[in-house]
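See below for the structure under consideration.
The values are calculated or read from the model by the stated rules, or taken from the named source; none is laboratory data. Computed from a predicted model, the values in this text were never measured in an experiment. No Cβ is skipped: glycine too gets one built from the backbone with ideal geometry, and neighbour counts run over all protein chains shown. Note: areas computed on protein heavy atoms with side chains; ligands, DNA, RNA excluded. Shrake-Rupley method; radii C 1.70, N 1.55, O 1.52, S 1.80 Å.
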Amino acid sequence: VFVGNSKPVGDGNGYLKVSSVYCDVDTKHRFSLNDGRCSSAKTHQISESIPHQRQWFVFDHELVLPEYIMYFEYITEEDKDRSPSKEEILNEAALHMESALKPQPKLFSLNDNVLLRAARANVLKEETSEAVQMAAASKINQAMLMACSHTSSKRPRSLSLLLTAQLLSGLRSASWRSGGELEPDWAAKITSLNLDNQRISKLLGLNELVNLRWASLNNNHISKLESLDGCLKLEELSINNNSISSLSGLAELRCLNKLSMDENQLSSLDASVLDKLLSLTFLSVENNRITSLQGIQKVPSLLELYVGGNQVSKSRDVYYLKGLTNLIILDLYRNPIVEKLENYRIYVVFHLPSLKALDGTAVDLSECESAKNMFRGRLTSDTIAEKLGHSKYAEVAYLSLQSCSIRMVDLSPPDLFCNLLSINLEKNNLTSFSGLIHLPNVK
């Protein structure tokens, strides 16, 4: 038995932060402490055959774990002539007892019949099939919408990072009055919806929420974005911790300005969808499986972008961000690029001059100056890819880079440009030609 932080009974300092109390018990003249001070406690008494007994009162019932209490008697000297006590005989017998429980067969698979039989449940076949259907596809119904929605048109003023739908759910009770018939257009009055932790697997029945502005569907089992085409006024959508692998289904949400899809199964950013989200200013896709930022350049309205915990690894991905001229906050933390790219932070700051914060740290003026000194006028493979619009370097035979303010050439590794025969660098500011001598076929 775990008695926790314990104190003797009668301590004048009270029992604050104490898990149990105890008192010494005379084996011949016991007394009880059931005087009201510990009325809700469990009591355990020790056998009279053992000296130095104490009576314990444990306040928290959960601290008493076993059904039986075992006591140990430490004998420092072995007395061969001493006959074993009754307790020792019982202990010895208990140690050699065989298990009364029969070994259970191993389960190689779990199915409905096995689970029901294990639970000894008396369930009809109709009930079983209905339960399985509900577990496989929990759907949004009218009762759920009424319990988790609000009709207020005002966005709550708060400094909290919580989403609007979550704030409204916490600040106000549901807008619907119990009893009475609903108006025919009741669904059209819903403006916010919070269906977090509802075990939903399919988004059905949301098309009628034509005035929905804020929605939160976190921590469900949703695998596909559907039934949102009618929610044309939706401004904020949070659908974190689901099983979504594609942005498909969001293209019609032209008013959407805040989208959070953390902890899903996204592997790419669909440019055809992002191109339609003209109002999007906040995008969070952390802890997915994204390997490239290609497509993000289609959202020039972005102010904040959170892509931490993905698989972005190439410096080329930074160039996809250069079109985001309004971007002020970027998070690439816990992506391979952070460790692989030399001078990663300075490199990103140089190519994204509008940034105010990178990976949770403010960008200061000294970093901006260092970035300019290190990368301004530097001709790299990424620079060429940006000018050509592709990165198929092996197909490039001729390059004309006149009047580009180039100070130095860094086309490494040179094997990338194995078929480059000629490069025109007239009217630049070259201070060194060392970057050209390693190109294998340039003469």
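What number of residues within segment 348-365 satisfy the criterion of being open to solvent by less than 60 Å² (accessible area, probe 1.4 Å), at pLDDT 90 or above and out of contact with any strand residue (DSSP E or B) (no Cβ under 8 Å at 6 or more places or on another chain)?
Total meeting the criteria: 1.
Could you list, in sequence order, all residues of segment 271-298 that are in contact with a Lys or Arg (Cβ under 8 Å, 6 or more places away or on another chain) and farther than 17 Å from GLU236 by Cα?
Passing the criteria: ALA271, ASP275, SER292, GLN297.
Here is a list of conditions, (1) outside any loop (DSSP other than H, G, I, E, B); (2) open to solvent by less than 10 Å² (accessible area, probe 1.4 Å); (3) under 29 Å from ARG407 (Cα atoms); (4) not small (Gly, Ala, Ser), and LEU305 meets all of them except one; can you say which number that is?
(3)
List pairs: first residue in segment 432-443 and of a type in the set (A, V, I, L, M), second residue open to solvent by 60 Å² or more (accessible area, probe 1.4 Å) and at pLDDT 70 or above anywhere in the structure, Cβ distance under 9 angstrom, at least six positions apart or on different chains.
VAL442/LEU421
Being within 18 Å of SER422 (Cβ to Cβ) and either more than 36 Å from the chain's Cα centre (by Cα) or among the charged types (D, E, K, R) (or both) is the filter here, so list the residues in segment 382-399 that pass it.
ILE384, LYS387, LEU388, LYS392, TYR393, ALA394, GLU395, VAL396, ALA397, TYR398, LEU399, listed by residue number.
Got at least one residue in segment 366-378 being at positive phi, in contact (Cβ under 8 Å) with a residue 24 or more places away in the chain, surrounded by fewer than 18 Cβ atoms within 10 Å (Cβ to Cβ) and touching a strand residue (DSSP E or B) at 6+ places or on another chain (Cβ under 9 Å)?
yes
Within the set of pairs 6+ apart or on separate chains, which have a first residue in segment 234-260 that is free of Cβ contacts under 8 Å to residues at least 24 places away in the same chain, a second that is part of a strand (DSSP E or B) and among the polar types (S, T, N, Q), and C-beta atoms under 9 Å apart?
LEU237/SER216; LEU237/SER260
Only residues that are surrounded by 13 or more Cβ atoms within 10 Å (Cβ to Cβ) and not in a loop (DSSP other than H, G, I, E, B): list them for segment 388-409, please.
Listed by number, the residues that qualify are LEU388, TYR393, LEU399, MET408, VAL409.
How many of the residues making up segment 308-342 are in contact (Cβ under 8 Å) with a residue 24 or more places away in the chain, part of a helix (DSSP H, G or I) and either over 20 Å from VAL363 (Cβ atoms) or not charged (D, E, K, R) (or both)?
Final tally of qualifying residues: 7.
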